[in-house]
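The values are calculated or read from the model by the stated rules, or taken from the named source; none is laboratory data. Source: prediction; values computed, not measured. Ideal geometry is used to build each Cβ from the backbone, glycine not excepted, and the neighbour counts take in all protein chains shown. Ligands, DNA and RNA are stripped out before the accessible areas are found, and what is left, the full protein with its side chains, is counted by its heavy atoms. Shrake-Rupley method; radii C 1.70, N 1.55, O 1.52, S 1.80 Å.
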Amino acid sequence: MNDRITIKNISADAFQNIFGWDNRFFLTFRKLITAPQILIGEYLNGTRKKYINPFTFLGIGSAIAIFVFNFFADDFLALQVDSNKQTIEMTSKIMSSRFGSDFDVESFKKDQLKLITKMNTLTLKYFNILVLLLIPIYTFIAKLVYRKPYNYAEHLVINSFIQGITFWAMTFIFVISIYTSPTIYLLSIFFSIFFYTYAYGKLYNLTIAESILKIFLFIAILLGTIIALFILSFVFGYIFAALFS
């Protein structure tokens, strides 16, 4: 007769599926930090049972980030505003110098802060959807920049592992920034860029100069894509409004 289901064995099964009794999660995490080229190379070449699935790894990282950001939602929104104040201040000076006394600086600052708060509230609400949307975009750009020998699906695996680590780092830095200084949170951006450069550099055996050139190209294409999507959304929004107004 099979053992009856209890809270204890449900918990044990869940823990085993997520982390594995052989510590697959922690092995994956450690190897990604210390030797990403070994883990990714082995996983892509068929050695997969000893590592956690990349999409599960990404899911755990994003789930932890969602939980922590929402638990500290007010702190998250305040931190985002603080980290963007300098940019708003600089933009307002440029706009003021261009339009002169006709430009209302204080109203501009107030409107920008409201916009940032609204955007970050939506980010918190739809964080998991954003992750699903951004990973294919990151992967496509990585395929353009780093190219062979890996195909799109293999780059998708690589990016899932990388973004999984990034979410853990971003969450950790966020918690530290709450109890220290909002500017600490900016380190999460630098970590993301550094780890992407590091992981792909190790995997492709690139020199430091080659890695830097590749990441600059990656960022340039990413920014171009974001600007293009923003322009398209604005144009379609304008056309939609004109048609149904």
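Shape index of region 131-191: Rg/Rh, with Rg the Cα radius of gyration and Rh the Kirkwood radius from the inverse mean 1/r over Cα pairs, equals 1.12. Extension gain, residue 235 to residue 129, is 35.8 nm, computed as 0.36 nm per intervening residue step minus the present C-alpha separation. With every protein chain in place and a 1.4 angstrom probe, the accessible-area ranking of 192, 177, largest first, reads 192, 177. Computed from the C-beta positions of residue 37 and residue 137 and an R0 of 25 Å, the FRET efficiency is 0.60 to the nearest 0.05. In the assembled protein chains, residue 118 presents an accessible area of approximately 140 Å² (probe radius 1.4 Å).
Protein heavy-atom surface of region 158-225, 1.4 angstrom probe: 80% of the accessible area is carbon and sulfur, with nucleic acids and ligands not counted. Among the listed pairs 93/118; 50/143; 118/202; 31/148, a Cα-Cα separation exceeding 31 Å is found for 118/202. The stretch between residue 117 and residue 74, if pulled fully straight at 0.36 nm per residue, gains 14.5 nm over its current Cα-Cα span. In the context of the full protein assembly, residue 184 retains an accessible surface of approximately 50 Å², using a probe radius of 1.4 Å and ignoring ligands and nucleic acids. Label-to-label distance for residue 208 and residue 175 is 3.3 nm, based on points extended 7 Å past Cα in the beta-carbon direction.
The share of C-alpha pairs in region 165-229 whose separation exceeds 14 Å stands at 64 percent. In this rough spin-label picture, where each label sits 7 Å from Cα along the Cβ direction, the residue 228-residue 108 distance is 3.0 nm.
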